[in-house]
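In what follows, a structure is listed as structure tokens, so that the remarks can point back to it.
Rule-based calculations on the coordinates, nothing more; no lab input. Here the structure is a predicted model, which is why all the values come from computation and not from measurement. Cβ sites come from the backbone with ideal geometry, for glycine too, and all protein chains shown count toward neighbours.
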Amino acid sequence: MKKETPICHHCARPEGVKKHGIGNTGNQRYFCRFCKRTFQTRYIYRGNEENMAMQIKKLLSQGHTPEQISSETQVRLQTVNYYAEEMESVC
Ligand SMILES: [Zn+2]
């Protein structure tokens with residue numbers, strides 16, 4: 001389990017993300033091999049992305065809109081929508 005790897009902040013996919021050194025602000029930098037872009041994250045949300053995924057799904061199931069969740073959790077709307085679609089495909 002790669003618990004410390006975040007999802008891509010551009011395409012919201014978790015499986016292509018690799019560590020890519022440290023950014024000039026001292027944050028961990030990551031590289032996504034799908035969109036070939038780097039991004040930095042100051043912290044992995046509340047310990048790890050799995051917790052954030054659970055939290056997003058919980059908020060979605062409680063009827064929050066992706067827009068609300070995005071502003072509440074500081075997660076990009078694109079990322080929230082990724083989970084929303086994932087949930088819909090399960091149901
Ligand atoms: Zn990406």
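Key figures
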{"quantity": "Net lengthening on full extension, Ser61/His10 (0.36 nm per residue, minus Cα-Cα)", "calculated": "15.9 nm"}
{"quantity": "Label-to-label distance, nm, for residues given as Ile22 and Phe34 (7 Å Cα→Cβ offset)", "calculated": "2.9 nm"}
{"quantity": "Distance between modelled label sites at Glu86 and Ser71, nm, 7 Å Cα→Cβ extension", "calculated": "2.5 nm"}
